[in-house]
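Have a look at the structure below before the remarks.
Values quoted throughout were computed directly from the atomic coordinates according to the rules given, and no laboratory measurement underlies them. If you're wondering where the values come from, they're calculated on a predicted model, not measured in any experiment. Here the Cβ positions follow ideal geometry from the backbone for every residue, glycine too, while neighbour counts run over all protein chains shown.
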Amino acid sequence: MGTMNLSGCSDGIFLATRPCLWQNSNMDRIDGISDDLLRRIDALTARSTLTRAQIIEDALARGRSLAWQENWISGVQAGLEEADRGEFATEEEIALVLNKYSTA
């Protein structure tokens, strides 16, 4: 038996007068999404631990566009790469930032 999502569409997301974007929770079939958007969604799934459904849910329920999600993941990956290279802030650099924004 299917589950209900967002606006009551069984196993899919309902957009105003449009039909469900997908027909089942396995995401076997997607209707109403352009090939370009699917490509971008699939690229996000490849770069993260998120599923297609989670990316679409984040965009619809939280207003985080695909561009926002792409930039976020790029920033996280850049930070991880810096950490892998050992590029961390020194204690002195951290103290400077903390003192700059201190309210005392």
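Among the criteria (1) surrounded by 11 or more Cβ atoms within 10 Å (Cβ to Cβ); (2) aliphatic (A, V, I, L, M); (3) part of a helix (DSSP H, G or I), the one Leu50 does not fulfil is (3). Scanning segment 57-104 for residues that are in a loop (DSSP other than H, G, I, E, B), surrounded by 10 or more Cβ atoms within 10 Å (Cβ to Cβ) and of a type outside the set (Gly, Ala, Ser) turns up Arg64, Phe88.
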